[in-house]
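Read through the structure below, which is laid out as C-alpha cells, and then see the notes.
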Amino acid sequence: MISISNISKSYNSVEVLNVENIEIPKGQNFGLVGNNGAGKTTLFSLLLDLIKPTTGEITSGEIVVSKSEDWKPFTSAFIDESFLIGYLTPEEYFYFIGELRGVSKPDVDEMLAEFEDFFHGEILSQKKYLRDLSKGNQKKVGIVAALIGTPEVIILDEPFANLDPTTQIRLKKIISDLTQQKQTTVLISSHDLMHVTDVCKRIVVLEKGKVVKDIATTQETLKELEEYFSQ
Amino acid sequence: MLKKFLYLQWKQFRRSSYFEAALAIKILMVLGILYFGGIAILAGVGGYFILRKAIPDVDPILSLNRFMIYWWLFDLLIRYFIQQVPVLNIKPLMIIPVKRNQVVKFLLGKTALSFFNILPLLFFVPFSIVLTVKGYNPLYVLSWFVGVLSIILFNNFAIFLINKTKTYFFIIIGAVSVLIALQYYGIFDITQYAAIFFHSLYTTPIFLIIPIGLAVGLCYANYKYYMDNFYIDGAVSKKTEKVQSLDLNFVDRFGKTAPFLKNDIKMILRNARPKQVLIMSFFFLFYGLIFYTQEIYREMPAVLAFASMFVTGGFLLSFGQLVPSWDSEYYKLMMSQNIPYREYLKSKLILMIFAVSVSTVLSLPYLYFGWDIYKLILAGASFNIGLNSFITLYGGALNRVPVELNVKAKAFQNTNGFNVTQLLISIPKIIGPMVIFYIPYYFIDFDAGIIILALSGLLGLIFQNQFLNIIENLYQKQKYQTIAAFGEKK
C-alpha cells in the first residue's frame, strides 16, 4: 500500500530524517516508536505531503504523494490540534469532514452512533465549540473524524496521549477492528510501548531519523523494546 | 521584585513580534508612530491658535472643552476595539512565591503606560504649555490637565471592565450617534452641558475630585476584581462561549461550494478577529463623507473614483487580503483533505461579492450628493466585484501571515501582514480605479469614465476561470511554504 524509498528531510543542512526503505502492505497495523525528535511526526508529515522531502519519495496506493493529490480521497489523518476547526461544534466538524469525503449527514450520524461508548457522553450535543473542549476530548473528535468515509490509509500521531485509561482501551479495540475487518492500513506512533505492542502487527523504531529496528510483533516484542529504550 | 517584573516586561517587549519583524516593517512602524505622535504634538501646539481662529469670539480652552465629550466617547470606542486586557500573562506568575497583590498592582500599573494613554498626552501636554505661555493661570491649567489625565486613566481602567460585555459597546455607539444627530439637527446640544463640566476643571479646581475619584475608584474596582479572581478558573480563564446554532440550509443552493461557504459564515460570526473586520468594513461606508463633502475633490474626479471604490470595498479588501490566512489555524487539515481549491476560493469570492452588494445598497444615502456620485459608487462596486476581488485574493495568497481567529487584532498588528509584495499588490487596488476612470474621463467625459470603470468589472466575469486558475496555481506552488508559515508560533 505504502512504499517509502530513500526519503530524507533536512532543515538548514541538518538531517532530521533518513529512511532507506519501508514497505507497508495493505491492511497492516503499523506502529512507529521513538524518543522525542526521532522523526516520527516528520515521517507522517511527509506521508501527508505537508512538508517537502529533501530526497526520495513516498508512494501511497501507486501514487507519489508529492506529485499528485489523488491519494487524498483514500487517506485520512489526525496529527495534532491543527487538524481541528476550533469554532465548530463536534457535530458540525464531523458533517464538514463528511461533506469533504462524500459521506451524507445520515451516514455520518449512523457512524457516530457506533462510537457512543468511545465518546463517553462528552462529545455529542454538548453545545460546545471544539476549542472549548479538553485536550483529551479534542483528540477523540480528531480520531473519529479520521475514520469518516472508510479511508484505506489512516495516520494517527500519538493517538493514546492525553486519553483516559478507559478510552485508551476502547481505542485499541477500534484500531484492531479496523485492520481485521476492512483491510485498512493504519499507521500510528506512540510513546506507550505497551499499547503499541498490543495493537500493532509491526513496529519500527526510529532514532535520530534512522530506522534502528523493524520488528514483527510477538510475545517478546515488549521486552525487547523496553530493553532497547532503557539503554 | 519590581525590578524582576520590569526585566520580564522588557524581555516581552524586546522579543515581541514587532521586533522580530523584518527591517522594512520596523522602519514603517517607526514612521507610523512618529507620524501619529507628530500629528498629536503639532495639534497640541497649534490647537490653541487653530481654535482661536476657527471660533474667534470664544476662549479657545472653552471651545476645546465643548468637544471634550466627543473625544472622551471616541477614546472609549477606539480602546474597546483595540486595547487588550493584559490578564493572560498572570498565569505563569501564579505559582511562584510572589505576593498576589504585587502582581496585580504591577499589571494595573503597566496598563497605565499603554500607547492609548500616551497618545492623548502628546496632545494635551503641549496644549497646556501653550496655554500657560499665553498667560493663563498655570495653577488652573495644571488643574485642568490633571483632570484630563484622570479621565484618560478612567477610560483605561473602564475599558477592562467594559470589555467583558458587548452591551456597553452598543450603548456607547448608540449614545455617540444619538448625540451627534441631536446636535446636528439643533435639538439638543450636549457639548454645551459637557463643556460646563470640563471647563469647571479649569475654573474651579475643587471639581477635580470627580474625575480623580472616578479614576481611583475604577482602578480599585479592577484591583479588587483581579485579586478576587486570581485563579486559573477566574480572570485568567477563557470563557466558554455558548454555541450559536445557525440554520444555514439556504446555503446548500451553492452546490459544491456550500460546505465551504457554511464554514466561512460560521468562521466570521464565531471569532473575534473576523468580527472586528466586519465592523471595520462597516465604517468604510463612511469613507465617502471625507471626500464628497469637500469642494476641492469635486474638481478631482479621479480621487472621487478611488474613494467610491473604498465605500463598497471595505469588507472585500480587509477580508480578502487574509485569504487563506483565515484558515491558518487548521490549514494542515485543509491540505490533507481532498479540497478543491476552486470551491474553496469561490466560497470566499461569494462572501466578498455579497458584501460589496450590501454595501452598495447601504450607500444609497450618498444620492444626497447627487446622481453622479452614486454612479461612481456603482461603477466602483462593479470594479470591486469583477477585478478587485481577484487582485485581493491573489495578494492574500502571497500574504502567509497566521491569524489567531479568536484574538482581537492589536494596534499596528495589521503591519504584520505588510511586505514588499503586499505593497506591490496594493498598487493596482488603489491606482487601478483611478487610472481606469481617469483616462476615458480625460479624453471623453465623466460618463465615459464611469462606463469604462463599470465595464472593467465585466472583465472579471468573463475571465473568471482564468483568474481562478492563476490563483489556484499560486496556492499549489507555495503549498509547503504556506503550511510552514502558518505553523509558526504567533
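The values are calculated or read from the model by the stated rules, or taken from the named source; none is laboratory data. Because the structure is predicted, anything quoted here is derived from the model rather than measured. Cβ placement follows ideal geometry from the backbone for every residue including glycine, while neighbour counts extend to all protein chains displayed.
Does residue B:325 fit the bill of being assigned by TED's automatic domain parsing to the domain that holds residue B:392, touching a strand residue (DSSP E or B) at 6+ places or on another chain (Cβ under 9 Å) and more than 19 Å from residue B:456 (Cβ to Cβ)? Before you say what the answer is, go through the steps one by one.
Details: assigned by TED's automatic domain parsing to the domain that holds residue B:392: yes; touching a strand residue (DSSP E or B) at 6+ places or on another chain (Cβ under 9 Å): no; more than 19 Å from residue B:456 (Cβ to Cβ): yes.
When the stated conditions are applied, residue B:325 does not pass them.
When we screen B:376, B:333, B:345 for residues that are away from chain A (no Cβ under 14 Å), under 22 Å from residue B:477 (Cβ atoms) and surrounded by 21 or more Cβ atoms within 10 Å (Cβ to Cβ), the only hit is B:345. Being among the hydroxyl-bearing types (Ser, Thr, Tyr) and out of contact with any Ser or Thr (no Cβ under 9 Å at 6 or more places or on another chain) is the requirement here; does residue B:293 meet it? The answer is yes for residue B:293.
For the condition touching a residue at least 40 places away in the same chain (Cβ under 8 Å) and surrounded by fewer than 21 Cβ atoms within 10 Å (Cβ to Cβ), what is the one hit in A:108, A:103? Of the residues listed, the single one that is touching a residue at least 40 places away in the same chain (Cβ under 8 Å) and surrounded by fewer than 21 Cβ atoms within 10 Å (Cβ to Cβ) is A:103. Annotation: of all residues in segment A:101-131 being out of contact with any helix residue (DSSP H, G or I) (no Cβ under 7 Å at 6 or more places or on another chain) and aliphatic (A, V, I, L, M), the one that is farthest from residue A:60 (Cα to Cα) is A:113.
Table: residues versus (1) within 21 Å of residue A:157 (Cβ to Cβ); (2) within 14 Å of chain B (Cβ to nearest Cβ); (3) surrounded by 15 or more Cβ atoms within 10 Å (Cβ to Cβ).
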{"site": "A:14", "(1), (2), (3)": "no, no, no"}
{"site": "A:17", "(1), (2), (3)": "yes, no, yes"}
{"site": "A:20", "(1), (2), (3)": "no, no, no"}
{"site": "A:31", "(1), (2), (3)": "yes, no, yes"}
{"site": "A:45", "(1), (2), (3)": "yes, yes, yes"}
{"site": "A:72", "(1), (2), (3)": "yes, yes, yes"}
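Per the listing A:79, A:7, the residue uniquely surrounded by 15 or more Cβ atoms within 10 Å (Cβ to Cβ), within 10 Å of chain B (Cβ to nearest Cβ) and under 23 Å from residue B:335 (Cα atoms) is A:79. Taking the conditions exactly as written (farther than 27 Å from residue B:278 by Cα and either touching a residue at least 24 places away in the same chain (Cβ under 8 Å) or not hydroxyl-bearing (Ser, Thr, Tyr) (or both)), does residue B:123 satisfy them or not? Considered against the rule, which asks whether it is farther than 27 Å from residue B:278 by Cα and either touching a residue at least 24 places away in the same chain (Cβ under 8 Å) or not hydroxyl-bearing (Ser, Thr, Tyr) (or both), residue B:123 comes out as yes. Candidates are the residues of segment A:88-102 that are part of a helix (DSSP H, G or I) and under 18 Å from the mean Cα position of the chain (by Cα); the one that is nearest to the other protein chains (Cβ to nearest Cβ) is A:97.
Residue count for segment A:10-31, restricted to those that are within 14 Å of residue A:210 (Cβ to Cβ) and polar (S, T, N, Q): 3. Of all the listed residues (B:340, B:365), the sole one being surrounded by fewer than 18 Cβ atoms within 10 Å (Cβ to Cβ) and at pLDDT 90 or above is B:365. Restricting attention to segment A:59-70, does a residue exist that is without any contact (Cβ under 8 Å) to a residue 40 or more places away in the chain, in contact with a Gly (Cβ under 9 Å, 6 or more places away or on another chain), within 10 Å of chain B (Cβ to nearest Cβ) and surrounded by fewer than 17 Cβ atoms within 10 Å (Cβ to Cβ)? Yes, segment A:59-70 contains at least one residue that is without any contact (Cβ under 8 Å) to a residue 40 or more places away in the chain, in contact with a Gly (Cβ under 9 Å, 6 or more places away or on another chain), within 10 Å of chain B (Cβ to nearest Cβ) and surrounded by fewer than 17 Cβ atoms within 10 Å (Cβ to Cβ).
Here residue A:97 clears all of (1) out of contact with any Gly (no Cβ under 6 Å at 6 or more places or on another chain); (2) of a type in the set (Val, Ile, Thr); (3) surrounded by fewer than 22 Cβ atoms within 10 Å (Cβ to Cβ) except the condition numbered (3). Is it fair to say residue A:167 is over 14 Å from residue A:93 (Cα atoms) and buried (at least 20 other Cβ atoms within 10 Å of the Cβ)? Considered against the rule, which asks whether it is over 14 Å from residue A:93 (Cα atoms) and buried (at least 20 other Cβ atoms within 10 Å of the Cβ), residue A:167 comes out as yes. Can you pull out the residues in segment B:388-425 that are modelled with pLDDT of 65 or more and in a loop (DSSP other than H, G, I, E, B)? Across segment B:388-425, the qualifying residues are B:400, B:401, B:402, B:403, B:404, B:405, B:406, B:407, B:408, B:409. Condition first: within 14 Å of another protein chain (Cβ to nearest Cβ), at positive phi and surrounded by 22 or more Cβ atoms within 10 Å (Cβ to Cβ). Can you find one or more residues in segment A:47-54 that meet it? Yes: one or more hits. Among the residues of segment A:133-160, those identified as under 12 Å from the mean Cα position of the chain (by Cα) and small (Gly, Ala, Ser) are A:142, A:145, A:146.
Report yes if residue B:300 is surrounded by fewer than 20 Cβ atoms within 10 Å (Cβ to Cβ) and either farther than 30 Å from residue A:102 by Cα or assigned by TED's automatic domain parsing to the domain that holds residue B:480 (or both), otherwise no. Judged against the criteria, residue B:300 is a match.
Of the residues making up segment B:453-490, those that are in a helix (DSSP H, G or I), more than 14 Å from chain A (Cβ to nearest Cβ) and among the hydrophobic types (A, V, I, L, M, F, W, C) are B:453, B:454, B:455, B:458, B:459, B:461, B:462, B:467, B:468, B:470, B:471, B:474.
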